[in-house]
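The values are calculated or read from the model by the stated rules, or taken from the named source; none is laboratory data. What you are looking at is a predicted structure, and each value in this text was computed from that prediction instead of being measured. Cβ atoms come from the backbone with ideal geometry, glycine included; neighbour counts cover every protein chain shown.
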Amino acid sequence: MARKNLSQNGYNSRIENINCDVRHLPFKSNHFDLIVSDSTLDHFGDRREIAVSLSELYRVLAPGGTLIVTMDNKANITEPLFRLWIKLCLSPFFIGDTYNIKQLKTELARTGFLVVGETAIIHNPRYFTKVFIKILRWIHRNRFERFIGRILDQFDGLETKRTRYLTAQFIAVKAKKP
């Protein structure tokens, strides 16, 4: 799918696609200046696999390189409903364990990373919001788009609040390899 998307957007000759396991990367040590892990590490069976993955990402990141990690936010107030949804096998894919922001920063530091930034992202209650938007679009496809945008903007404003780690669906951390 990635190759198809890249080809459709004119990138087919400039980007190489490699499918591999993040716990055993086929790259030499100190190879990359930037690595982005976008909500991938929270799909393992347990936290030990997350720790192994972070160690492997550390290995292939060059000194001074940057790692950006996002993952599901264990501290989100809707997390118990999310875990029930998973337990009832309603998720179309496997979703594993995750961290809260403090746990992720601790694990990154334990691995050797220096955390230089953190935030909480996507503050709308995803399932309720999806249903609400679907209903509005069913009523009238284009009529409510500005309204939907304003509602989502209001939710995004929660990122600046002290409670952001309770409302965010995801956490994000920027870390450096010394």
Output the residues belonging to region 34-78 that are at pLDDT 95 or above, within 30 Å of residue 161 (Cβ to Cβ) and surrounded by fewer than 16 Cβ atoms within 10 Å (Cβ to Cβ). 34, 36, 68
Top-ranked residue in region 84-110 [being over 15 Å from the mean Cα position of the chain (by Cα) and of a type in the set (Val, Ile, Thr); ranked as nearest to residue 61 (Cα to Cα)]: 106
Looking at the structure I just gave you, is residue 109 out of contact with any strand residue (DSSP E or B) (no Cβ under 6 Å at 6 or more places or on another chain) and among the small types (Gly, Ala, Ser)? yes
Would you call residue 122 touching a strand residue (DSSP E or B) at 6+ places or on another chain (Cβ under 6 Å), closer than 30 Å to residue 64 by Cα and at pLDDT below 90? yes
Near pairs, Cβ below 9 angstrom, 6+ apart or cross-chain, from region 10-33 (more than 17 Å from residue 66 (Cβ to Cβ) and surrounded by fewer than 10 Cβ atoms within 10 Å (Cβ to Cβ)) to any residue that is among the β-branched types (Val, Ile, Thr) and modelled with pLDDT of 95 or more: 24/52; 28/60
Residues that are in contact with a Phe, Trp or Tyr (Cβ under 8 Å, 6 or more places away or on another chain): list the helices (runs of 4 or more DSSP H) wholly contained in region 56-158 that include at least 2 such residues. 79-87, 101-111, 126-139
Does residue 158 fit the bill of being free of Cβ contacts under 8 Å to residues at least 60 places away in the same chain, farther than 30 Å from residue 61 by Cβ, of a type in the set (A, V, I, L, M) and out of contact with any Lys or Arg (no Cβ under 7 Å at 6 or more places or on another chain)? no
